[in-house]
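The values are calculated or read from the model by the stated rules, or taken from the named source; none is laboratory data. Note that the structure is predicted; figures quoted are calculated from it, not measured. Reconstructed Cβ throughout: ideal geometry from the backbone, glycine too, with neighbour counts over all protein chains shown.
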Amino acid sequence: MAEAAARARDTLAFFKIVTADVERAEAFFTGAFAMARTNQVEGPTFREIMLTAPGGGFTLVLFQWRDGRALQSGSLHGPIGFITRDFDASLAQAIAHGATLDRGPFDYGSGRVAFLHGPEGHEIELMARAGKAAA
């Protein structure tokens, strides 16, 4: 009963990544994946820019510390996932905006997958489901 109430109450709404250069990260995600800025928060010690994908529904928050602290890449998170209807075009557009191809592309089940890294090293999984990819 408590689980059903929590499912009705709670919604996954955003994913936050820490970046050393919030403008560079914004340029990458808006250029590579057609995301758009929907909000910005300026605090005394940090900056955040909120981006949504076309159609909305989910927010990617770009977070930057103002003190310029060194950032370390962790291993307790997975990639930022994008599902596309035109795999080859999306892959080319991401690379044109500074992504580097790490693995793939390869067929996976009935779709195609590639793993990339954005300009600051954030891992991105690009996926096309069968019947929706122009591969």
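Residues that are modelled with pLDDT of 90 or more, among the basic types (Lys, Arg) and closer than 21 Å to Glu125 by Cβ are absent from segment 39-50.
Residues in segment 70-117 that are assigned to a strand (DSSP E or B), among the aliphatic types (A, V, I, L, M) and either in contact (Cβ under 8 Å) with a residue 40 or more places away in the chain or assigned by TED's automatic domain parsing to the domain that holds Leu60 (or both): Ile80, Ile83. Among the numbered conditions (1) touching a helix residue (DSSP H, G or I) at 6+ places or on another chain (Cβ under 9 Å); (2) assigned by TED's automatic domain parsing to the domain that holds Arg112; (3) hydrophobic (A, V, I, L, M, F, W, C), the only one that Leu51 does not meet is (2). Taking the criterion of being over 20 Å from Gly121 (Cβ atoms), of a type in the set (S, T, N, Q) and in a loop (DSSP other than H, G, I, E, B), the only residue of segment 10-38 that qualifies is Thr11. Of all the numbered requirements in (1) closer than 16 Å to Phe14 by Cα; (2) among the β-branched types (Val, Ile, Thr); (3) touching a residue at least 40 places away in the same chain (Cβ under 8 Å), Ile49 misses one, and that requirement is (3).
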